[in-house]
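In what follows, a single structure is set out as structure tokens and then discussed.
The values are calculated or read from the model by the stated rules, or taken from the named source; none is laboratory data. Just so it is clear, the structure is predicted and the values come from calculations on it, not from any experiment. Every residue, glycine as well, gets a Cβ built from its backbone with ideal geometry; the counts of neighbours run over all protein chains shown. Surface areas here come from the heavy atoms of the whole protein model, side chains and all, with no ligands, DNA or RNA. Shrake-Rupley method; radii C 1.70, N 1.55, O 1.52, S 1.80 Å.
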Number of protein chains: 2
Amino acid sequence: MINKYLSIGIFCPLFVLNIQAEEGMWQLSQLPDLNLEKIGFEISAGDIYSPDKLSISTAIVWLGGCSASFVSADGLVLTNHHCAYGSLQRNSAKDSIDYIDEGFLAKDRSEELPAIGQHAYVLKSMADVTDVILKSVKGIEALTEKEKRIEQKITAMEKEAENDREDRYCYIATNYNGKQYVKYLFNKYQDVRIVFAPPAAIGNYGGDIDNWMWPRHTGDFTYLRVYQAPDGSGAKYSDDNIPLKPGNYLKIAKTDLKDGDMTFILGYPGRTMRYRSSYSVDWNLNRTYIPRIERFQSILDIITEMSNENQEAKLKLASYDAGLNNTMKNFQGNVDGMQSSNFIENKRAFEADLMSFINSKRKLKKMYGDVMEKIAAQYAILEQSYDYDQVLENFGGYTIGVLYNLGSKAYDVARERAKPETDRRPEFSEKRVKDGMANLDYAYLRFYEPFDKTMLTRALQQAAKLPEEQRITALDFILKGSMEIDAWVDDAFAKTGLKDIAYVKDLYNKTPEEIEALNDPLIDLAIKLYDAKDRKYEEGKVWNAQIQDLRKKYIDALYAWKGQSLYPDANSTMRFTFGKVKGYKPADGIWYEPFTTLKGVVEKDTGEEPFNNPAKLTELSRSKDYGKWIDPELGDVPSCFLAECDITGGNSGSAVMNAKGELIGLAFDGNYEAMTSDWLYNPELQRTIVVDIRYVLFITDKFAGADYLLKEMGI
Amino acid sequence: MINKYLSIGIFCPLFVLNIQAEEGMWQLSQLPDLNLEKIGFEISAGDIYSPDKLSISTAIVWLGGCSASFVSADGLVLTNHHCAYGSLQRNSAKDSIDYIDEGFLAKDRSEELPAIGQHAYVLKSMADVTDVILKSVKGIEALTEKEKRIEQKITAMEKEAENDREDRYCYIATNYNGKQYVKYLFNKYQDVRIVFAPPAAIGNYGGDIDNWMWPRHTGDFTYLRVYQAPDGSGAKYSDDNIPLKPGNYLKIAKTDLKDGDMTFILGYPGRTMRYRSSYSVDWNLNRTYIPRIERFQSILDIITEMSNENQEAKLKLASYDAGLNNTMKNFQGNVDGMQSSNFIENKRAFEADLMSFINSKRKLKKMYGDVMEKIAAQYAILEQSYDYDQVLENFGGYTIGVLYNLGSKAYDVARERAKPETDRRPEFSEKRVKDGMANLDYAYLRFYEPFDKTMLTRALQQAAKLPEEQRITALDFILKGSMEIDAWVDDAFAKTGLKDIAYVKDLYNKTPEEIEALNDPLIDLAIKLYDAKDRKYEEGKVWNAQIQDLRKKYIDALYAWKGQSLYPDANSTMRFTFGKVKGYKPADGIWYEPFTTLKGVVEKDTGEEPFNNPAKLTELSRSKDYGKWIDPELGDVPSCFLAECDITGGNSGSAVMNAKGELIGLAFDGNYEAMTSDWLYNPELQRTIVVDIRYVLFITDKFAGADYLLKEMGI
């Protein structure tokens, strides 16, 4: 049934004139339809992916949130510096050495650092399981029930495939809002080590200021190495483990990359919304992006104030600060992009055209005639409880601090464990719970008590501002109690046991009733809120089932109109995208060239973070000590380049290859002017920002002197 | 003697590798040596300037501070909007209509507004008078005496040439620090009228933010018309006057301008310092630019605060604010440029090479061997009294307010008039004094009392901070008196008569003693400071005579080394410069394209000043109602363009012409990246920013509907 979508042809969801071969995050199974050889590829679709032979895709690694690739026969992996940031930070805390600022280079394998908390996933197989899943819900009409059953079926199939092996990971991805299901089975390697990370003054050069920006000069790379047990299993860290011999690894490009050259990317893009309605865009713009930017800014202001006063605060809150800044800039880019391009108006006009076609055909009108009104009605539901939902959302995630989250999570687990196995939410499967518990050791890395208290106080104060009739009654015991909010928070932080990791871990051995009996004030707050959040969760399931069904219909209507095929939205599965090395025009009178250079790195140097370029790099530039990494046309070492490839978050660290399939760089960012790209690909503006492999190797060679890595990669 | 400098060849004062045909603000007499036809000109040197026939230079107009050109047989003139800004402001005050914000279009000639305070100068003749002048000081060795005699000779010759006619203006320019003197004689037209000025939202679009910046989208043009008396004299405004029939006027280009096309400019560049030593650069960077930026910023802060509180302050201080911002940005650009390019170090290295050559030749060593040390010694003199001089400088010009300046100027005039005619300073010749008096009617346009008081208070407070032994004793009567500074200023402003224009004008009928007898406290302050300032003036004359002699030697030494010819530094005389339409690379990874477009104008629109693009212009862009002003390659109306021409302040409003000598635009700015251009021409970075004539005509035609102007220009 889904096969019709897999035939050749490009579908452009919004503006038919935009049709460009560069659009698309294609499934590997769609590769044969792309006619690669006709657009300049010197390798075949089968060289890139083949279910039954070694191919380039065999060398691609998923890091869970980031992408990577093998670059040697001994399990050496290249990914982005920002993808290894967490591991570096955890090691820094452990060793009291700042591996972020100073960088890290293992002189030999014995010196490699365990990349704490980092796993590597290598795809073992993929299979279309649409028939199996849809057969299991045949005859069920009620949407919520159907979705629940599908979820249960997926969980069961994943569990079966993983077979209780902790070095297996199965993920059944939902494509096209449930028109296709694909099962991905991975080997999971739990022993990943850090080999070489440049100092942040290279790996994160430009920091938040340059983030999403071109021209870019960031050496955003880190070398890792994947280890396995002697028996070949993906065991946890052990001295006995040996480097993985991957099925395949990428070769470094032998020719210099030029403007206009064809490139492609294999990686794990996280999420796109290319087939959404104007109602969804409107909601996301005005009810998500804009209010969240305000919220983020207010939290960033708190962090800045605390960090200015206190070095501990600065260290503890740094990655949090970076994350918020990054996301906020993304949201702001979406807002700017949508507002400046009349995004919603254009979507509405497109939908009006679509519906006028649908309504002109009796049969289609009957099937899809009311889809837009029904989608509108769904968003009207969200609107009703908007203020309440916003406040409730504050009691979770980045807006509430570490301690509350620790207590809340443990209580949620206890409640889920008390349910029959089939009723448990998928994210609370015993396996996921155990994965989460493994990370508890790092729970306090970001814990800075004054900040934690401020965040909780802030959430409670906002709850206090809700109108009486919309109030969260579960909070009455504080907000209508005798203590001021500040005082309550002080008292709760004084009395809670959540600052003790042994206490936290022990919570996972308790029943809900046992946790309730602790009378821990921070956990009690989570307990009080449990029902309100659970109700929201259940409402959300109903809403999701309905909107997913409507989105499925919307795509069907689009297909009926345009009769063309399409690629599924990104969902953290391996995808292929291609396009040429190309600059772009960010504004009237300006052309952004596709390459930056070492000279440009030095020109940005201010001596101050994030432009505190290492003196050694300046000296290498001054003395033109480029080694073999000079580009003859540029007369300098290339730093970063732009390509038309269509990527999104999750692609960070992805291998970028030339028409021969050789490694030419690592994707690490998109550009600000195309931040609405998750919603729409714009061929004029959307670019992937890549750190040139020649810069990676120049730093490895001339800056770090890590000759043995070059040798290992065959250079 | 100077003729050797007029032969062909290009002299590059700093870096020999920089030699580029585009460098140079050439005297018209040097045109035949430039081999124009070989570099793409379709007209000859004689078509551009010829002493004995009509040529393009005949159509060039000097506005005193700005440049312009005739564009019709009826005296129609095109210049920059910012050049006519003062006239528009004065008319706005008179008519209570905001011609700046609203723009002005005369429906026919009867509606044209007198451009109050604006004169137009048309070059009548030029002649090398070096021999005459040098002969007059033959045998005089003492430098100060010699300079004084030259000054007197120049004043006498100018007076003789002007022959007491108020419609004549003579200016004898000093080239190469006194190696050449050239006499320029102008017809001066005192009746200039405003024909069409676009609203500031076009004419000053981008304001201070875009000032000096590319990409640029400013329609910086205004049409004026020059009138003469029926007898042909340049009489003052009268209803009887008739439009001037200029000897020549420029024709509008008939072909579309393209990237790479040859262009040239005729205009009146004000001042460059291309042949200065490293000591001069050092002094200007560290003792002029940097401290002045601080001073300007502190004054701008005061203006901003007052303007935010008070609409009157905003109006009165607006042009003052704009001027300070503009100059400060220029200074900052110089600082940035000098610091980032190691300007001083490079100059020193160059001078070391120069001196090592000079010292290698016995004869040259004898003549120039000590020139660098002597220049150094001159700057050491300035250093000794630096703090004192800074404070004294505050009592004059932009740092002291309107009233004090009015009183001080009148007293200075009385003192000068009391001297024998030959001892009077040239800027106090009776003619100059009368010119100044004519402008007294506009004296209070910028007078806002609270600001005036603040500026005087500020100057006194800074004087109070001088160390006791360096103090300005003339201020003891205030600073060592019984009143606080604030109270003294309040009292002085309450008692002074300087707020009454009749009182001010009457000062010009008085002797110094009569003015002293008035006991006007603000004038008394000027009287007390007179001696200190006069002493500085005399010291300055000695210093100048010495440094000028040394600079002359420095140029001789350079010539002895390089043996090439050169163009003189700019000095507000007509110059020729040429170069191609060309973009530039402001930073790694960025190329600035040479054309901007109407689309870009609209894209910058924020609805708020200075990006408050008129709705009508947006609509013209939206509906692609470009008329005949569309550029076929751009598919849009060009807005501004870049050319390699070598210009500086004073060139504003200059006609830019193509290889055929047809008008293609008006120069109105330089670019930020080349702000050190007054010190050094950098072919990679220096560009002239030009408003494209097609944009001028598009606005005239489609926006303003001023068809009669197009017809008058033969379109």
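Details
- Residue check, residue A:226 in contact with a His (Cβ under 7 Å, 6 or more places away or on another chain), more than 14 Å from every other protein chain (Cβ to nearest Cβ) and assigned to a strand (DSSP E or B): no
- Output for the stretch B:452-476, where each listed residue is under 19 Å from residue B:495 (Cβ atoms) and touching a residue at least 40 places away in the same chain (Cβ under 8 Å): B:452, B:453, B:454, B:455, B:456, B:459, B:475
- Options A:649, A:583, A:627, A:653: the member that is open to solvent by 10 Å² or more (accessible area, probe 1.4 Å) and either closer than 30 Å to residue A:38 by Cα or among the polar types (S, T, N, Q) (or both): A:649
- Residue in the stretch A:579-586 that is away from every other protein chain (no Cβ under 14 Å), farther than 21 Å from residue A:391 by Cβ and of a type outside the set (Val, Ile, Thr) present: yes
- Criterion: open to solvent by less than 10 Å² (accessible area, probe 1.4 Å), more than 14 Å from chain B (Cβ to nearest Cβ), touching a residue at least 24 places away in the same chain (Cβ under 8 Å) and in a helix (DSSP H, G or I) - qualifying residue of A:567, A:554, A:530: A:554
- Count - residues of the stretch B:439-459 that are touching an Asp or Glu at 6+ places or on another chain (Cβ under 9 Å) and either in a loop (DSSP other than H, G, I, E, B) or of a type in the set (A, V, I, L, M) (or both): 1
- Of all the numbered requirements in (1) at negative phi; (2) within 14 Å of chain A (Cβ to nearest Cβ), residue B:195 misses one, and that requirement is (2).
- Any chance residue A:601 is buried (at least 21 other Cβ atoms within 10 Å of the Cβ), within 14 Å of chain B (Cβ to nearest Cβ), in contact (Cβ under 8 Å) with a residue 60 or more places away in the chain and in contact with a helix residue (DSSP H, G or I) (Cβ under 7 Å, 6 or more places away or on another chain): yes
- Scope the stretch A:93-119; condition open to solvent by less than 50 Å² (accessible area, probe 1.4 Å), aliphatic (A, V, I, L, M) and within 17 Å of residue A:706 (Cβ to Cβ); matching residues: A:106, A:113
- Note on the stretch B:32-57: residues that are modelled with pLDDT of 95 or more and touching a strand residue (DSSP E or B) at 6+ places or on another chain (Cβ under 8 Å) amount to 5.
- Where residue B:624 falls short, out of the listed (1) more than 9 Å from chain A (Cβ to nearest Cβ); (2) touching a Phe, Trp or Tyr at 6+ places or on another chain (Cβ under 8 Å); (3) free of Cβ contacts under 8 Å to residues at least 40 places away in the same chain: (2)
- Considering the stretch A:10-31, the residues that are open to solvent by 50 Å² or more (accessible area, probe 1.4 Å) and farther than 21 Å from residue A:60 by Cβ include one that is modelled with the highest pLDDT, namely A:20.
- Those residues of the stretch A:161-181 which are touching a strand residue (DSSP E or B) at 6+ places or on another chain (Cβ under 8 Å) and acidic (Asp, Glu), in sequence order: A:162, A:166, A:167
- When the test is whether a residue is farther than 25 Å from residue A:268 by Cβ, among the aromatic types (Phe, Trp, Tyr) and open to solvent by less than 40 Å² (accessible area, probe 1.4 Å), residue A:592 passes it.
- Residue check for residue B:436: open to solvent by 20 Å² or more (accessible area, probe 1.4 Å), over 21 Å from residue B:324 (Cα atoms) and assigned to a helix (DSSP H, G or I): yes
- Flag for residue B:292 being among the charged types (D, E, K, R), away from chain A (no Cβ under 14 Å) and open to solvent by 40 Å² or more (accessible area, probe 1.4 Å): yes
- If you go through the stretch A:23-58 and keep only what is of a type in the set (D, E, K, R) and either touching a Lys or Arg at 6+ places or on another chain (Cβ under 7 Å) or not in a helix (DSSP H, G or I) (or both), you end up with A:23, A:42, A:52, A:53.
Residue-wise test of (1) buried (at least 16 other Cβ atoms within 10 Å of the Cβ); (2) within 14 Å of chain A (Cβ to nearest Cβ).
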| residue | (1), (2) |
| --- | --- |
| B:539 | no, no |
| B:558 | yes, no |
| B:571 | yes, no |
| B:575 | yes, no |
| B:588 | yes, yes |
| B:606 | no, yes |
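- Flag: residue A:562 does not match the condition of being surrounded by 18 or more Cβ atoms within 10 Å (Cβ to Cβ) and more than 14 Å from every other protein chain (Cβ to nearest Cβ).
- Within the stretch B:295-322, tally of residues that are open to solvent by 30 Å² or more (accessible area, probe 1.4 Å) and under 23 Å from the mean Cα position of the chain (by Cα): 6
- Among residues of the stretch A:203-223 being within 14 Å of chain B (Cβ to nearest Cβ) and assigned to a loop (DSSP other than H, G, I, E, B), the one that is most open to solvent (accessible area, probe 1.4 Å) is A:213.
- Selection status of residue A:339, assigned by TED's automatic domain parsing to the domain that holds residue A:319, within 18 Å of residue A:290 (Cα to Cα) and among the polar types (S, T, N, Q): yes
- Residue B:178 meets the stated requirement of being away from every other protein chain (no Cβ under 14 Å), at pLDDT below 95 and surrounded by 17 or more Cβ atoms within 10 Å (Cβ to Cβ).
- Taking every residue in the stretch B:347-364 that is aromatic (Phe, Trp, Tyr) and pairing it with any residue that is outside any helix (DSSP H, G or I) and surrounded by 17 or more Cβ atoms within 10 Å (Cβ to Cβ), at least 6 positions away or on another chain, the pairs with Cβ-Cβ distances below 7 Å are B:350/B:14.
- Filter result (more than 16 Å from residue B:544 (Cβ to Cβ), assigned to a helix (DSSP H, G or I) and free of Cβ contacts under 8 Å to residues at least 40 places away in the same chain) within the stretch B:365-379: B:365, B:366, B:373
- Filter result for residue A:161 (modelled with pLDDT of 95 or more and surrounded by fewer than 23 Cβ atoms within 10 Å (Cβ to Cβ)): yes
- Among the conditions (1) touching a Lys or Arg at 6+ places or on another chain (Cβ under 8 Å); (2) away from chain B (no Cβ under 14 Å), the only one that residue A:616 does not satisfy is (1).
- Filtered by the rule that a residue be assigned to a loop (DSSP other than H, G, I, E, B) and open to solvent by 10 Å² or more (accessible area, probe 1.4 Å), the stretch A:677-687 gives A:680, A:682, A:683, A:684, A:685.
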